[in-house]
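Notes follow the structure.
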Amino acid sequence: MSAVCNGSQQQHVYLQHHKNRNEVARRRWKILARALQKTCDVDAALTNVDDIISVRRFTTFDLVTSHPVILNNSSSDPVASWFEYTATISQETYSLSIRHPTRSFTAAELMGFNNTGNICVWPSEEVLAYYILCNLQYFSGKTVLELGGGMTCLAGLMVAKYTTAINIHVTDGNISAIDNVQFIVKQNGLGDRVRCSVLQWGDIQTKPVGKHISTYDIILSADCLFFDEARRDLVETIWMMMNEGGTALVMAPRRGQTYEKFAEEAKMRGFYCKSKQYYNEHVWNRHLKLKQSCDYDENIHYPMLLSLRKMYTENSHDN
């Protein structure tokens, strides 16, 4: 009888735990959905969910600017507007035409797999794109994968347009995002260099590396550390899709402990992790200036740079 009671009690605790997790997840998605729909402010009462959601009051480091453009074929795309995204570095100008969908997205579309980058370009993606443009030589002859690139895959597409990388694959877990990126790839004439596809991190362990999935020299990820539930899946995806001598560049704010927890998970998997707060002089100076603004919160807005490499001991390899 005691065993039955204990089992029942354990089951109750288990169910209550998952109920609480589901409730937190619903609240997180509610905040995120409102932010993604370009709501100017999110209710203050809702912003206390683990301090993990970037309130959209701060939207850019002004490293990459944008202005609307009219394309010759715009009449055939009535549900979107096009913008020219431009960055200037050492008097050299870099630009991409980016598609902004103008239609309203359903809750199902917004609350799919980790839509962190949908609708807008988040500051971490902007900084990662700028960082890439400052280090173009690093990508020469390399194969490159972007994870969680959202509606623009801005970082991965800057690699495609301005470096001599030999293979660029941009991904997101949401089909609406990938559909949009395919328009962008075509408009910028990158179709012969870029592959776009849906990639959900939780599925990666069920798909063999080799025949169906390539491995890559460089893996990019910007602002993909929002949710605790996806942390291990993202680490595992990076591990399985990285070459033995490869590197992952992960840009994300600290957001409480989400950044540190991701780094710890990566170390447990076997990665060597190197974290940088100062990685680019211009980005750092913008950060210092923005700290004087009441809309800027270093904890949730300033992206740290985490590089990951696989660690191997002699005659021993992790699976």
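Since every read-out is calculated from the coordinates, none of them should be taken as a lab result. From a predicted model like this one, the values you see are computed outputs, not experimental measurements. Note: ideal-geometry Cβ built from the backbone for every residue, glycine included; neighbour counts use all protein chains shown.
Across the stretch 230-319, Cα-Cα pairs farther apart than 19 Å form 46% of the total.
Taking 0.36 nm per residue of separation and subtracting the Cα-Cα distance, full extension of the segment from VAL69 to TYR278 would add 71.8 nm.
Scaled to the compact-protein estimate 2.2 N^0.38 Å, what is the alpha-carbon radius of gyration of the stretch 54-310, rounded to two decimal places?
Cα-based Rg divided by the globular estimate yields 0.95.
Figure legend: label point modelled 7 angstrom from the Cα of THR164 along Cα→Cβ; residues of the stretch 137-152 with amide N under 15 Å from it are 137-143. Proximity of backbone amide H atoms, modeled 1.01 Å from N, is registered between LYS142 and ALA165, ILE166 at under 5 Å, excluding neighbours fewer than 5 places apart on the same chain.
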